[in-house]
Amino acid sequence: MIMQLHLGSLSVDVVRKPIKNVHLSVHPPSGRVRISAPSSMKPETIRLFAISRLGWIKQQQRKLQGQEREPAREYLDRESHYLWGRRYLLEVRETETRPSVELQHNRMVLSIRPGSRSDRRQEVLEAWYRSQVKSAVPPLLDRWQRLIGVEVERFFVRRMKTKWGSCNHCTGTIRLNTELAKKPHDCLEYIVVHELAHLLEPTHNEHFTSLMDAFMPAWRDYRRALNQLPVPREDWKY
């Protein structure tokens, strides 16, 4: 159940869960604020926590509200699409063969059955993007699991509407956003390291920051680059 906490003009969604620590997040595109709090935490304690983080919340909201949005996609010829930060022009080829996506120089060739609608074209492209991330992740895990000293049980790639990645430190699993295939490869590597570090520290506290500083000293640069890139134009939800 979601409760509302009001701090002046700021509304905060509060969700109580069987967890040990309180978690604060600010979600795109408008900067909605959510607090996940332990079931036993008193309302006044939650309120004081939110007040103590008001400066950070406002800073994150300004960043999100100023972030560039991608134009709506129609999946037509010569439309711009991206892979690992590089721009390609879409070429749609209608064919009776199995749907596929192939890169040819500066073109992203989508082979699709005649008469396929834009939602079907989108579905094929998103499945291809998912496969790109799935192929890119194992070498990163091989490298960073050894360096960080953790081991992932499983990783999943899916389209996520509010996060670039997530980690369940209890089950040893991580989830990565399909959209990362469109960003520079360094951004994917940063998110992988970020989620692996959460296997050691599940919260974004000072210990987590010190881990990221030790493992990837330039992580703030990668985070800044990722946050400055355009994000999908859609109604984001929890």
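The values are calculated or read from the model by the stated rules, or taken from the named source; none is laboratory data. In this text the structure is predicted, and so the values were computed from the model without any measurement. When we count neighbours, we look across all protein chains shown, and the Cβ atoms used for this are built from the backbone with ideal geometry, even at glycine. Ligands, DNA and RNA are stripped out before the accessible areas are found, and what is left, the full protein with its side chains, is counted by its heavy atoms. Shrake-Rupley method; radii C 1.70, N 1.55, O 1.52, S 1.80 Å.
Under 5 Å between amide hydrogens, built in the peptide plane, is the criterion, and for ARG32 it picks out HIS27 among residues at least 5 positions away or on other chains.
One chain, two ends: ILE19 and ALA127. Fully extended at 0.36 nm per residue, the span grows by 35.5 nm beyond their Cα-Cα distance. Looking at the chain alone, DSSP beta bridges between its own residues are antiparallel in about 55 percent of cases.
Note on the chain: the alpha carbon radius of gyration divided by the globular reference 2.2 N^0.38 Å gives 1.14. Ordering ILE46, ILE51 by accessible surface, largest first, gives ILE51, ILE46; the 1.4 Å probe counts only protein heavy atoms, with every chain in place. Taking max minus min of the alpha-carbon positions on each principal axis, region 106-238 gives extents of 54, 32, 29 Å, largest first. Computed about the Cα centre, the dipole magnitude for the chain is approximately 520 debye when only Lys and Arg (+1) and Asp and Glu (-1) carry charge, each at its Cβ.
What a 1.4 Å probe finds exposed on the chain is 48% carbon and sulfur by accessible area, rounded to a whole percent. In sequence order, region 87-96 has phi-based couplings of 8, 10, 9, 6, 10, 9, 10, 7, 8, 7 Hz under the Karplus curve 6.51 cos²θ - 1.76 cosθ + 1.60, θ = phi - 60°, and Gly or Pro positions carry x.
If you rank CYS170, CYS187 by how much accessible surface each has, with a 1.4 Å probe, what is the order from largest down?
CYS170, CYS187
Based on protein heavy atoms only, the chain ends up with 57 Å² per residue of surface accessible to a 1.4 Å probe. For the chain, the membrane-span-like helix rule (DSSP H, alpha carbon extent of at least 15 Å along the helix axis, mean Kyte-Doolittle at least 0.0) picks out 185-197; this says nothing about an actual membrane. Counted by Cβ distance under 14 Å from SER39, the other residues give a net charge of +4, where Lys and Arg count +1 and Asp and Glu count -1. Ordering TRP56, TRP128 by accessible surface, largest first, gives TRP56, TRP128; the 1.4 Å probe counts only protein heavy atoms, with every chain in place. Rounded to whole numbers, the Karplus 3J(HN,Hα) couplings from phi for region 149-164 are x, 10, 9, 8, 6, 8, 10, 10, 10, 8, 7, 10, 9, 10, 9, 7 Hz, using 6.51 cos²θ - 1.76 cosθ + 1.60 with θ = phi - 60°, and x at Gly and Pro. Of the peptides 212-220, 157-165, 188-196, 91-99, the ranking by mean beta-carbon count within 10 Å, highest at the top, reads 188-196, 157-165, 212-220, 91-99.
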